[in-house]
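Beneath this line is the structure, given in structure tokens, with notes to follow.
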Amino acid sequence: MKRFLTLTPLAFLLSGCSGNWGWYVVDPTTTSGYNNLVFLMGGAWNTILMSLTAILISVFVGLLIALPGLSEKRSLRSINRVYVEVVRAVPILVLILWVYYGLPQVTGITLNVFWAGVLALALSDSAFQAEIFRAGIQSIDRGQYEAAHSVSLNYRDTMRYVILPQAIRRILPALGNQLVYMLKMSSLVSVIGMQELTRRANELVVTEYRPLEIYTILVLEYLVLILIVSSGVRWLERKMQAQERN
């Protein structure tokens with residue numbers, strides 16, 4: 001029974017390939033198929049660069065927004081709550097469109113598709129990063145603050161040398177998840193013309209009329225990227241845990 005369940009999908013796939021499926025469009029043994037694959041994979045650099053740039057900005061902004069949320073002053077905590085609730089309420093696709101088409105009219109600043117995508121992705125993710133950092137910092141035992149105060153560390157040095165290093169170890173899985181999320185959400189920037197993986201696939205579908213085969217390759221591209229990121233995050237977790245034990 002187990003063997004039957006294993007062979008049935010494979011038989012279905014092979015029968016589909018020999019029938020109406022047109023894998024020739026991405027066949028690397030043919031000139032056109034090879035060129036199509038090169039064209040599709042050519043968007044990977046923009047996807048990676050845009051995602052990494054956006055996640056770095058969102059981590060920095062998220063940390064800045066998280067710190068007021070830890071304050072004992074209600075006015076500072078309100079800044080955190082208002083920012084997080086407003087930004088989280090806006091769908092990321094809407095934010096991308098607003099930054100690209102609306103921001104120039106409001107501020108007079110025109111952004112190209114790359115930086116419009118980065119800004120929209122970073123803004124959207126920064127609200128989630130703020131909550132991740134706030135939860136991570138609040139999880140640190142109060143005695144750590146008291147110990148830092150006992151050796152005359154100010155607030156900045158306490159955060160820099162004592163609290164944040166411990167908090168980052170705890171929130172690293174969540175930060176890795178956000179990077180995976182960013183890689184996937186970067187596909188939405190294709191709506192404003194960014195030449196990333198999804199945009200390349202859409203353009204090739206228009207010219208080749210083979211959406212199933214082309215979007216299957218697109219799925220595999222994202223799968224490979226995300227598996228690499230996940231492996232990297234797990235490696236970093238293990239390394240930080242080993243350093244903590246030592």
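The values are calculated or read from the model by the stated rules, or taken from the named source; none is laboratory data. Being a predicted model, the structure only gives us computed values, none of them experimental. Cβ sites come from the backbone with ideal geometry, for glycine too, and all protein chains shown count toward neighbours.
For the range 196-246, the set of residues classified as closer than 30 Å to Gln166 by Cα and among the aromatic types (Phe, Trp, Tyr) consists of Trp235 only. Annotation: of all residues in the range 94-118 being assigned to a loop (DSSP other than H, G, I, E, B) and under 23 Å from the mean Cα position of the chain (by Cα), the one that is surrounded by the fewest Cβ atoms within 10 Å (Cβ to Cβ) is Asn112. Contact map, the range 221-246: first residue within 30 Å of Arg200 (Cβ to Cβ) and at pLDDT 90 or above, second residue of a type outside the set (S, T, N, Q) and not in a helix (DSSP H, G or I), Cβ cut-off under 9 Å, separation 6 or more or different chains; pairs are Glu221/Gly43. Apart from one condition, Arg160 fits all of (1) of a type in the set (D, E, K, R); (2) over 23 Å from the mean Cα position of the chain (by Cα); (3) over 25 Å from Ile57 (Cα atoms); the exception is (3).
The sole residue among Glu213, Glu237 that is more than 17 Å from the chain's Cα centre (by Cα) and either of a type in the set (Gly, Ala, Ser) or loosely packed, with under 15 Cβ neighbours inside 10 Å (or both) is Glu237. Exactly one residue among Pro91, Pro68 is closer than 26 Å to Asn177 by Cα, surrounded by fewer than 17 Cβ atoms within 10 Å (Cβ to Cβ) and either without any contact (Cβ under 8 Å) to a residue 40 or more places away in the chain or not hydroxyl-bearing (Ser, Thr, Tyr) (or both), and that residue is Pro91. In the set Val224, Val233, Val219, only one residue is in a helix (DSSP H, G or I), touching a Leu at 6+ places or on another chain (Cβ under 8 Å), farther than 30 Å from Thr110 by Cβ and not aromatic (Phe, Trp, Tyr); that residue is Val233.
Residues in the range 119-131 that are surrounded by fewer than 21 Cβ atoms within 10 Å (Cβ to Cβ) and within 18 Å of Ser71 (Cβ to Cβ): 1 in all.
Is one or more of the residues making up the range 186-196 over 21 Å from Asn112 (Cβ atoms), of a type outside the set (Val, Ile, Thr) and touching a residue at least 40 places away in the same chain (Cβ under 8 Å)?
no
So is Ser152 part of a loop (DSSP other than H, G, I, E, B), polar (S, T, N, Q) and surrounded by 13 or more Cβ atoms within 10 Å (Cβ to Cβ) or not? Here the answer is no, as Ser152 does not meet what is asked. Please go through the range 29-64 and pick out each residue that is polar (S, T, N, Q) and surrounded by fewer than 20 Cβ atoms within 10 Å (Cβ to Cβ). If the condition is that a residue be polar (S, T, N, Q) and surrounded by fewer than 20 Cβ atoms within 10 Å (Cβ to Cβ), then Thr29, Thr30, Thr31, Ser32, Asn35, Thr53 are the ones that fit. The residue of the range 168-209 that is nearest to Ile92 (Cα to Cα), among those that are crowded, with 22+ Cβ neighbours inside 10 Å and small (Gly, Ala, Ser), is Ser186.
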